[in-house]
Structure formats: structure tokens, C-alpha cells
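Inspection log for the structure reproduced underneath, given as C-alpha cells.
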Amino acid sequence: MEIYFNDKVAFIAGASMGIGAAIAKTLAECGASVGLMARREEPLRALEQEIINRGGKAFAITGDVSKPEDVQKAILATVEKFGGLHLAVNNAGISGDFGLLHETTIENWRKVLSVNLDGIFYGMKYQIQEMLKSGGGSIVNIASVEATTILPMNPSYTTSKHAIIGLTKTAAYDYAKLGIRINTVSPGVIRTPLVENNKEISAAMAKVVPQGRMGEPQEIADAVAYVLSDKASYMTGTELIIDGAFLLRQM
């Protein structure tokens, strides 16, 4: 099944590495012009150049998703560069500090929620405004399997991921008649650069997954591309879990 995003403009927040970078490259390979946003300038610029070198169209804008002015600026810059907005992925997220709730600092709570939840709200707010001008669009918010279960000793992260599901469902319902589909993709244990550099952590994490391995960023990117595409035209307000049966081990 081929997916084509020719003449489509996409915006990816949290695009500099890992899942976000894989999504950006996949959408560009499918023909989309991609606006890339992240805090880390060096890997973001490298990704931009890699996509261009492969014959794609990319535009990098550094910014912090916890700052609404940064998000709005990046989205408007993407629209100005490529002429509209049709697809968006809100991927930026942090884990924050671990600890019991009464030990969690207010600063950590606010930081995690500001990135993981507020950042998605800001993204959708400005993405939807532009998509309405384009006659519709498709948004994917990246959550986590912790949106269904919990990450022990991390109430901030768990709360933020659960809240993404409610935010996505509400927006999906409200914009269904306006031609904008909004879904969530929740990855399980995925091989990231941080995990890949530590063989002990890598081996331990692979053992908790029934399939016996971690997922690859590309596997998430392929699923995101499908959900964004017209192949999934009747899908909205849905959470797609991709976890190698991770959640089933708890049943």
C-alpha cells in the first residue's frame, strides 16, 4: 500500500531525533513538504539537510513547545514557506524526574505538563487554525502506552499522557464535521538513541516486551503516516497502540 502526500504540507514538533526524525523523513519520502520544530538546533539542521539531500522539502525552526509564541511562530513560518498546512504531528515530550507524588517538586510537575500536554494544546490550536483555511487536515498526537497504564514513580508523566487522550478525543469530536481528523499514536518501548547507547538498559527493556525486542522508530513512523493519510479517512478520535503486546502482559 503506497501512501502519497504530494502537494501536502506537514508540521512535526519534536522532530530532531528518534521517533520525530523518523516521522519527518517518512512524510518527506511520501512527498510532503515538512516543517520541523525542536529545541536542539544542531540535530534539527542536520535532519533538514538530510531530507533536502534526499530530494525532499524541509524547513527547520528551533523552538520550545512549552512556549505558545514559539509554536505559533514555527507553524506560521511553515505555512509561509510552503503555502499552507494539511498534516501535523505533535511528538515533543519529556519524562521529568522520578519520585513519589509527595516528593515531586512543583517545578518538575509544571515542566512535564507544560511540554507533554500544553505543548500539544498549543500545537493543535495553531495547526487547526491553518488547516481550516486549507479546507481540512489530519493531526496525530504522540502519547505513550503510559496513557493506558502508569509509569510508576512518575505521576507527572503518567498524568500528562492520560490527558493527551482526553484532549485528542474532545478535539476529534468537535472538528469531525469541519474536515479535520485528530488521532493518537501510543508507542511502547522504542529504541531511542539514549537507550541504544546503553546495552544493559537496552537488554533489560527488551525483556519486558512479549515480542522480545524493542520497537524501532521507523515502525512508529510508518503507522503515523498511515493514520495521517486518506487511507485512514474514517479514523478520528482513536488511539492506536503500537507496543509489541507490552500492555497485554499486565492482563
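The values are calculated or read from the model by the stated rules, or taken from the named source; none is laboratory data. If you're wondering where the values come from, they're calculated on a predicted model, not measured in any experiment. FYI the Cβ positions are ideal-geometry reconstructions off the backbone, even for glycines, and counts take in every protein chain you see. Side chains included, ligands, DNA and RNA excluded: accessible areas come from the protein's heavy atoms. Shrake-Rupley method; radii C 1.70, N 1.55, O 1.52, S 1.80 Å.
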Margin query: Let me cross-check Val79: its accessible surface, 1.4 Å probe, with only protein heavy atoms counted, in Å² to the nearest 10?
Written below: 30
Next item on the list: Compute the length gained on full extension between Lys177 and Ser95: take 0.36 nm times their separation in residues and subtract their Cα-Cα distance, giving the result in nm to one decimal.
Entry: 26.0 nm
Next item on the list: Please list the radius of gyration and Dmax for segment 114-199, considering alpha-carbon atoms only, with Å as the unit.
Entry: 14.9, 48
Next item on the list: Would you kindly calculate the mean projected area, averaged across all directions, of the convex hull enclosing the Cα atoms of segment 81-123, in square nanometres?
Entry: 4.0
Item checked: Cα convex hull volume per residue for segment 125-251 (Å³) -> 126
Next item on the list: With N denoting the number of residues in segment 66-182, provide Rg(C-alpha) divided by 2.2 N^0.38 Å, to two decimal places.
Entry: 1.15
Item checked: q = 0.18, 0.31 Å⁻¹: log10 I(q)/I(0) that the Debye formula gives for segment 1-45, counting C-alpha atoms only -> -0.48, -1.07
Notebook entry, point to check: How far is the Cα center of segment 210-251 from the Cα center of segment 49-85, in Å?
Noted result: 25
Checklist line | C-alpha center-to-center spacing [segment 5-43, segment 144-177] in angstrom | finding: 23
Notebook entry, point to check: Could you state the principal axis extents of the C-alpha atoms in segment 1-103, from the largest down, to the nearest angstrom?
Noted result: 51, 31, 26
Checklist line | Theoretical ellipticity at 222 nm over the chain - DSSP helices of four or more residues, -39500 (n - 2.57) apiece, nearest 500 | finding: -13500 deg cm²/dmol
Notebook entry, point to check: What relative contact order, as a whole-number percentage, does segment 78-139 give when Cα pairs under 8 Å and 6 or more residues apart are counted?
Noted result: 51
Check: Hey, what angle do you get for helix 68-82 against the long axis of the chain, alpha-carbon based, 0 to 90 degrees rounded to 10?
Finding: 40
Check: In the chain, what percentage of the DSSP-assigned beta bridges are antiparallel, given to the nearest 5?
Finding: 0
Item checked: segment 1-79, accessible surface, carbon-and-sulfur percent (1.4 angstrom probe) -> 45
Checklist line | In nm, spacing of pseudo-spin labels at Glu216 and Glu2 (7 Å Cα→C-beta vector) | finding: 2.2
Checklist line | Derived scalar couplings ³J(HN,Hα) [segment 39-51; Karplus, 6.51 cos²θ - 1.76 cosθ + 1.60; whole Hz; x for Gly, Pro] | finding: 7, 7, 6, 4, x, 5, 5, 5, 5, 4, 5, 4, 5
Next item on the list: Report, please, the projected area of the chain averaged over directions, based on the convex hull of its C-alpha atoms, in nm².
Entry: 13.5
Notebook entry, point to check: Taking a 26 Å limit on the Cα-Cα distance, which of the listed pairs Lys125/Lys161; Lys111/Lys231; Lys133/Lys161; Lys8/Lys231; Lys73/Lys133; Lys133/Lys169 fall beyond it?
Noted result: Lys111/Lys231; Lys133/Lys161
Margin query: Using 0.36 nm times the number of residues separating Gln129 and Leu248, minus their current alpha carbon distance, what extension gain do you get?
Written below: 39.0 nm
